[in-house]
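Okay, so here's the structure we're looking at.
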Amino acid sequence: MVLTDYERLAALNKDHLWHPFTQMKDYINADPLIIERGEGIRLYDVQGRAYWDGFSSVWLNVHGHNVPELNQAITDQLGRVAHSTLLGMANIPAIELAAKLVGISPKGLNKVFYSDSGATAVEIAIKMAFQYWHNQGASGKTRFITMNQAYHGDTLGAVSVGAIPLYHEVFRPMLFPSHVIPYPYAYRHGGDELKVMEDTLTALRKLLETRSDEIAALIVEPIVQGAGGIVVMPPGCLREMSVLCRQHGVLLIADEVATGFGRTGSMFACDLEGVSPDLMVIGKGLTGGYLPVAATLATDEIYNAFYANYQEQKTFFHGHSYTGNPLGCAVALASLKLMEERNMVEGVRVKAAFVERKLTALKDRPHVGEIRQKGLMIGIELVRDKASREPYDWSERIGVRTSQRARALGMLTRPLGNVIVFIPPLASNEAELDAMTDILIESIISVTEGGS
Ligand SMILES: *Cc1c(COP(=O)(O)O)cnc(C)c1O
């Protein structure tokens, strides 16, 4: 018997690939989706079926796939050099991109330290904050504050400031301890935004008043907590948190890996409340979703704490083989140029309003608990009982089943527990958003009300 190309690849996939965040026993027993190519905001599998990329390939994609301008930027750079190290030397795109990033970032962030994933960029922010205090003789400031249900990536430092038990608990014995304050998640904590915000600020204030001499930094996903369930902060909360940190001499690390590059309707979520963090972490959308480049931005004040005679031993000893990769930096520059030429950040606000109107169709459905949205970052929390907000039991896998239904209808997405995620590429036009939200609505209604 001659195997089709799909069968051959599926067999090799089953035999040799171990997938991230995946129970392989479930995965192996279903037909794997194998992507062959992308065009616009659609991906095509090896059997020629088309799917809307309804989660931007896990929250990365900006301009769609196979974008001529981005392809060209990589090809042009490839004709010069694919990679040269940033250890003690520079390259053209890494310099140009650093200057560009400083130009669009909240004020005060003047230095760019590259790495290759959100997690590594978080590690760098943590280590920088730690050594910043050490270099100044305040070596008692070693602890970090994070927020309940925070996600900052999967390397051990990032997991140490993570607070999602399902992902993080098993590694607890390997981690450094962090202080965890409540995240203002009104829907799950009484429903009153002002009350949950006050709870968060009170907990933070208390910690800072009693322990700021042992705390290096607070790390936060600004305005929208991503992996924790696409949970939007009450207005003013981030601003207040940043003020408290400043008052108590604790650094603020903004993890903009998910929220950066227009996703929330401004270039960075911090901009929504005029917040200037001491360290800012970016990744995901930085290269338009093309190549693995991330960065940690720092203020001059942080940088200057490391700037000394070599003998003083204040150097930041950290780096990765592919830090500042020229291909990645070149495509990031091209992506930012397209974002500007096409006014994409303003565009997100218009598109977000369209999606919001469309999703009102779900408001009164019996199993739609809450529809949360900031820009083109949308999470829909499904519940067994709307009035009591009783969640579906995790073993029912309501999110997984809804996403499977969406895939059968032609759209890809990946749930967060009982929260359905809709994070379309920023370039999606209104007709495309219309088609994608139709699938989203139909899959939610058919799975939660279909009786199967
Ligand atoms: C995805 C994400 C990360 C981790 O980024 P990777 O590139 O997957 O390592 C960190 N922080 C936030 C807020 C994220 O959403």
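Any read-out appearing in this document is the output of simple, stated calculations on the displayed coordinates, not a laboratory observation. The model shown is predicted, which means the values in this text are computed figures rather than measured ones. Here Cβ is always computed from backbone atoms with ideal geometry, including for glycine, and neighbour counts include all displayed protein chains.
Some notes on this structure:
- Sequence-distant residues sharing a close amide H with Ser115 (under 5 Å, placed H): Ala294, Ala295, Thr296, Gly324
- Compactness of region 82-137, taken as the C-alpha radius of gyration over 2.2 N^0.38 Å, stands at 1.29.
- For His65, residues with placed amide H under 5 Å, excluding near neighbours: Glu39, Gly40, Ile41, Arg42
- In Hz, Karplus ³J(HN,Hα) per residue of region 239-255 (6.51, -1.76, 1.60; θ = phi - 60°; x = Gly, Pro): 4, 4, 4, 5, 5, 4, 4, 4, 4, 9, x, 10, 6, 10, 9, 9, 8
- The ranking of Val368, Val220 from fewest to most other beta carbons within 10 Å of each one's beta carbon is Val368, Val220.
- Listed peptides 340-352, 117-129 by packing density, highest first (mean Cβ within 10 Å): 117-129, 340-352
- Once exposed loop chymotrypsin sites (Phe, Trp or Tyr not before Pro) are cut out (DSSP; at most 10 other Cβ, 10 Å), longest piece of the chain: 22-316
- Cα Rg over Rh - region 71-341, Kirkwood: 0.97
- Coupling constants for region 353-369 follow from the phi torsions by the Karplus curve (6.51 cos²θ - 1.76 cosθ + 1.60, θ = phi - 60°), and in residue order they are 5, 4, 5, 4, 4, 4, 6, 4, 4, 8, 3, 9, 5, x, 10, 9, x Hz; glycine and proline get x.
- Taking one quarter of the surface of the C-alpha convex hull of the chain gives a mean projected area of 23.2 nm².
- Mean-position separation - Cα centroids, region 367-406 and region 193-224, in angstrom: 28
- Taking trypsin sites (Lys or Arg not before Pro) across region 24-70, the ones in a DSSP loop with at most 16 further Cβ atoms lying within 10 angstrom of their Cβ are Arg49.
- Among Leu109, Leu244, Leu17, the order by Cβ neighbours within 10 angstrom, fewest to most, reads Leu17, Leu244, Leu109.
- Two-site FRET efficiency, Val2 against Glu169, from Cβ-Cβ distance with R₀ of 45 Å, rounded to 0.05: 0.40
- Cross-link partners of Lys386 among lysines (Cα-Cα below 19 Å; sequence separation of 8 or more within a chain): Lys363
- For region 305-311, the Karplus equation 6.51 cos²θ - 1.76 cosθ + 1.60, evaluated at θ = phi - 60°, returns couplings of 6, 9, 8, 7, 4, 3, 4 Hz by residue, with Gly and Pro reported as x.
- Distance between modelled label sites at Arg246 and Arg188, nm, 7 Å Cα→Cβ extension: 3.1
- Set Lys111/Lys351; Lys195/Lys337; Lys111/Lys284 screened for pairs whose C-alpha atoms are more than 31 Å apart: Lys111/Lys351; Lys195/Lys337
- For Glu36, the residues 5 or more places off, or on other chains, whose built amide H falls under 5 Å of its own are Tyr44, Asp45, Val46.
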